[in-house]
Amino acid sequence: MVDVLAQLEAACGGGHARAAGPGDAVGGVPARWVAAPGSTAQVAAVLRAAAEAGLAVVPRGAGTKTGWGAPPSTVDVVLETGRLSGVAEHSPGDLVATVGAGTPLRALAAALVPAGQRLSLEVGSAEATVGGVLATGEAGPLRLRHGAGRDLLIGAELVRADGVVAHSGGRVVKNVAGYDVGKLLCGSYGTLAVLTSATFRLHPLPKARAWVGRAVRSPQELRELVGGVLAATVEPVAVEVDLPGDGGLSGTVVALLEGTPGGVAKRAAATQELLGPDAWVAPEPPPWWGRYPFAAGDAALKLVAQVDDLHAALYALRDAAGAGVPVRGSAGTGVVFAALPGTTEPARLSTILDSVRSVLAARGGSCVVLAAPPSLAGAVDLWGPVPGLSLMRRVKEQFDPDRRLSPGRFVGGI
Amino acid sequence: MPAGVVDDLAARLRRELGEAAVVTEEAARRTYECDGLAHYRATPALVVLPADAAQVQAVVRACGAAGVPWVARGSGTGLSGGALPVADGVLVVTSRMRRILEVDLANARALVEPGVVNLAISQAVSGAGWYYAPDPSSQLVCSIGGNVAENSGGAHCVKYGFTVHHVTGLEVCTPDGELVWLGSAKAAEAPGYDLAGVFIGSEGTLGIATKVAVRLLRRPEAVSTMLAAFRTVAEAGAATSAIIAAGLTPAAAEIMDALAIQAAERAVDCGYPPGAGAVLVVEVDGPAVEVAEEEAAVRALCVEAGAFEVRVAADAAERQAIWTGRKSAFAAVGRISPHYIVQDGVIPRTALAEVLAEIDRMAAAAGIRVANVFHAGDGNLHPLVLYDATVPGEHEAAEQVSGAILDLCVSTGGSITGEHGVGVDKAAKMPRMFSAEDLDTMQLVRCAFDPGGLANPGKVFPTPRLCGEVPGPRAAGDAAERAASAAGIAAW
């Protein structure tokens, strides 16, 4: 019998590997060891050790989303990226920064402020790391203007399941040399490779911001208001909605405007006029801004619809689940989140998913269960139909033929 | 490919696609022997012009059955030989697939066939005040399918991004002849791996796009185009840096040096300020109030950096006049040199002054001239290396300088290509930028899509990877273990 702990210690350096505890479980599946490599070479050493011992490895950042995705079939080693932290390079004049995958997004934001810059990615899991945000495809309100992590990532360093270290992209924003393997890792839930470092394009911090909002009484009204704002030339960087679920399908819609003080003031006034007499302008976001509507233990849903059809998905969700489902997210991009009680029966959750998916599928949308209590997650189809699944299996087979990285956590049992 | 195989394939494709879709006459095939990079030439064994996705699928399946390689071609404007045919292979030309299938302004999307010309999309929606953002200089003729293959940018990508940011989903025909949707036609994303993200920019090596869903943008409320004249390129570069440092995001920032200006004046009489050693074209767009503020700020920063004249376009005609000189620059150097090489490399913007000085030094040492036209906003250089092929040794000297410029780009932390692609032209340069492991990892994707290596072989990668070959530490796994794992996969 190989002494795995000793091997992991040898890979990570003394004191950086340990036996796993109950808190290290991933999706309810207990882990056996935790390894915290402090460099790319150490990540490679951990993966080689795991390969030799035939162990499954699940990467983890801050652990804010270990309940996301399907429960893995096996979790031998949790590979913690926390020591792969820090801004390796920030070139303000080039608007690019290279950071370790274990860097908290918040720490990166703080490091960029002195240069008057930001990574235009503000996500709902506040403590999350760069690697975790990319691996789960998290994106917040700014997605409307700046896209998701995959749109801001310009270079990646990764370690394959066989321990080989590789790069794609580079340190310049404009670059079409070679395949963009970094994009492939975005949203892959750690099933293809371990991201160790990311290079991002940055943006200047806006000089002024204003939030313009108003109450909405129905998804149909939401549709009209959002459509009006997007078709105008006020250029919001975000359009978010909050339907708390306590008053039927009513709630609040809020647009964020960024720019120069003069420009924002004028556009805020124009947006207020578009939204009607009840609209307000505020210098601060509402308290729910950029936060998920779900909490630990809930069944957390992500609904992705074409913008002009979001209302149909919201009605379908209400009709299937009844009133009282909190919904929040980006009405401007058609990506919203919903919270169902974690105590929902599997059969009932399946029925709800089926009816929402049937409405969305006809329009190219999707409904994914991001997280659910393990008993529920194991009993329902978390992803719904996945176009291109057989190609995805082939990609997985190439990158990780022995299924050592986060096995079973992703679509189709990948 | 033996004549019998060609004849059989041609007969099958004629049956399935119709007589007119299959070109066999040598003279006709020869018109497709190169793309925009004309010094690589190969006449394809067959040229096929499918009319729709089903016909593309029929071609790919027929080629797969015969084991014949194929290359996709849009309008043939590429500058890296990406659409260079394989001599024994089939060239699949998408120019008959020119339908705009759907425009949906409520969702800001259009669905188009790959042969649709880039500019045609903007033209189709401009009446309603919308447009398609990526605008490569060839947008009058280049196809969306080609843009997808190359992940094309354009002068405005410094603010708006590249094709990959504007194509939300696409239907592709994979090399095994399946039509598969990658991404989503109208929604922001689809569950699963971001295969669209890796397909876009794969230069035709992973399949053929048969339908492309593009994001449309609202035309900005205001646009201001400025032209600032400087004594030196260094001053123009410093002005660009100052604009970026001030937190401004211009929609475009383009520099031309004295030689490029001279060529443009001769070709299109663009009337740029006399005596300019460099011109900087800056465009800002967006809401009117901010455009006015940014215009004033850009103007002040240019003057501060040494501009002796700043012109602001008063109307669309004047804007057009400013852009005409810049957009004609590549072709215009034909007026000042019988031959030239168009290079495409990227540097960090902050290295601009140092790199341009080094290019000058290299050109002087080799006894040739280099005209510089570049996207200053994102550090994408287009040095035009001028030579006269009738002078012994000049072509070689030009090739040598052109190659050395790419090495210089890589040494500053940049890239061997910002928008023209690797194609056949720069495949041998890839190891300058990427390690063997990097290239091997990229080719894992290729093996997933195209294990037989029939899609655009010989492009992008200097050496093909044998799919199924087990590299590095993976070879340590014993045969029994691998067989067990393969069985596990089959049982999914």
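None of the figures in this text is laboratory data; all of them are computed from the coordinates on show. From a predicted model like this one, the values you see are computed outputs, not experimental measurements. Every residue, glycine among them, receives a Cβ derived from its backbone with ideal geometry; neighbour counts consider all protein chains shown.
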Which angle from 0 to 90°, rounded to the nearest 10, does the C-alpha axis of helix A:40-53 make with the longest principal axis of chain A?
-> 60 degrees
Net charge near A:Ala111: determine it from the other residues with C-beta under 13 Å of the C-beta of A:Ala111, scoring Lys and Arg +1 and Asp and Glu -1.
-> +1
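Evaluate peptide B:412-422: per residue, the Cβ atoms of other protein chains within 10 Å of its Cβ; return the mean as an integer. Show your work: numbers first, answer last.
Values: counts 2, 7, 6, 12, 5, 5, 6, 3, 1, 2, 3.
If you average over the peptide's residues, the count of other-chain Cβ atoms is 5.
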Built amide H within the under 5 Å cut-off of A:Gly178, gap 5+ = B:Val422
Shape category assigned to chain B from the gyration tensor of Cα positions, a/c cut at 1.5 = prolate
B:Met433, B:Met442 arranged by Cβ crowding within 10 Å, fewest neighbours leading | B:Met433, B:Met442
Could you go through the range A:244-261 in sequence order and give the Karplus-derived ³J(HN,Hα) for each residue, using 6.51 cos²θ - 1.76 cosθ + 1.60 with θ = phi - 60°, rounded to whole Hz, and x for Gly and Pro?
-> x, x, 9, x, x, 10, 9, x, 9, 10, 9, 9, 9, 10, 10, x, 7, x
Checking A:Pro30, A:Pro277, A:Pro401 against a Gaussian network model of chain A (alpha-carbon springs below 10 Å), the top fluctuating residue turns out to be A:Pro277
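Excluding A:Pro72 itself, what net charge comes from residues whose Cβ is under 15 Å from its Cβ, given Lys and Arg +1 and Asp and Glu -1?
Working: positive: A:Arg32, A:Arg60, A:Lys65, A:Lys396, A:Arg403, A:Arg404, A:Arg409; negative: A:Asp24, A:Asp76, A:Asp400, A:Asp402.
Spelling it out: positives minus negatives among the neighbours equals +3.
How many Lys pairs in the protein assembly as shown lie less than 13 angstrom apart by Cα atoms, where the lysines are 8 or more positions apart or on different chains?
4
Could you calculate the contour length gain from B:Ser435 to B:Ser411, that is, 0.36 nm times the residue separation minus the distance between their Cα atoms, to one decimal place in nm? Could you put the intermediate results ahead of the total?
Numbers: separation 24, 0.36 × 24 = 8.64 nm, distance 1.43 nm.
Full-extension gain reported as 7.2 nm.
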Mean other chain Cβ within 10 Å across A:85-96 is 3
Among DSSP beta bridges whose residues both lie in the range B:3-93, state the antiparallel percentage, nearest 5.
-> 20 percent
Round to the nearest 10 and give me the degree value, 0 to 90, for the angle of helix A:389-399's Cα axis relative to the longest principal axis of chain A.
-> 40 degrees
Using the 4.7 Å Cβ rule, please list in number order the cysteines from chain B without any candidate partner.
-> B:Cys34, B:Cys63, B:Cys142, B:Cys157, B:Cys173, B:Cys270, B:Cys302, B:Cys409
Hey, rough spin-label estimate for B:Ala357 and B:Arg215, points 7 angstrom out along Cα→Cβ, what's it come to in nanometres?
-> 4.0 nm
Taking neighbour counts of Cβ atoms within 10 Å as a proxy for exposure, in what order, fewest first, do A:Tyr189, B:Tyr131 appear?
-> B:Tyr131, A:Tyr189
Please order B:Tyr132, A:Tyr292 by the number of other Cβ within 10 Å, starting at the fewest.
-> A:Tyr292, B:Tyr132
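Mind checking A:138-146 for the average number of partner chain beta-carbons within 10 Å of each residue's beta-carbon?
Working: counts 0, 2, 0, 0, 0, 2, 1, 0, 2.
Mean inter-chain Cβ contacts per residue within 10 Å come to 1.
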So, in Å, what gap is there between the alpha-carbon centers of the range A:230-292 and the range B:393-455?
-> 46 Å
What's the center-to-center distance, using Cα atoms, between the range A:185-216 and the range A:1-59 in Å?
-> 29 Å
For A:Glu52 paired with A:Arg106, estimate the spin-label separation in nm (one decimal), with each label point 7 Å from Cα along the Cα-to-Cβ line.
-> 3.9 nm
Taking only Cα atoms, what is the 0 to 90° angle, nearest 10, from helix A:346-361's long axis to the longest principal axis of chain A?
-> 60 degrees
When ranked by the protection proxy of mean other Cβ atoms within 10 Å per residue, highest first, what sequence do the peptides B:21-34, A:380-393, B:173-186 form?
-> B:173-186, A:380-393, B:21-34
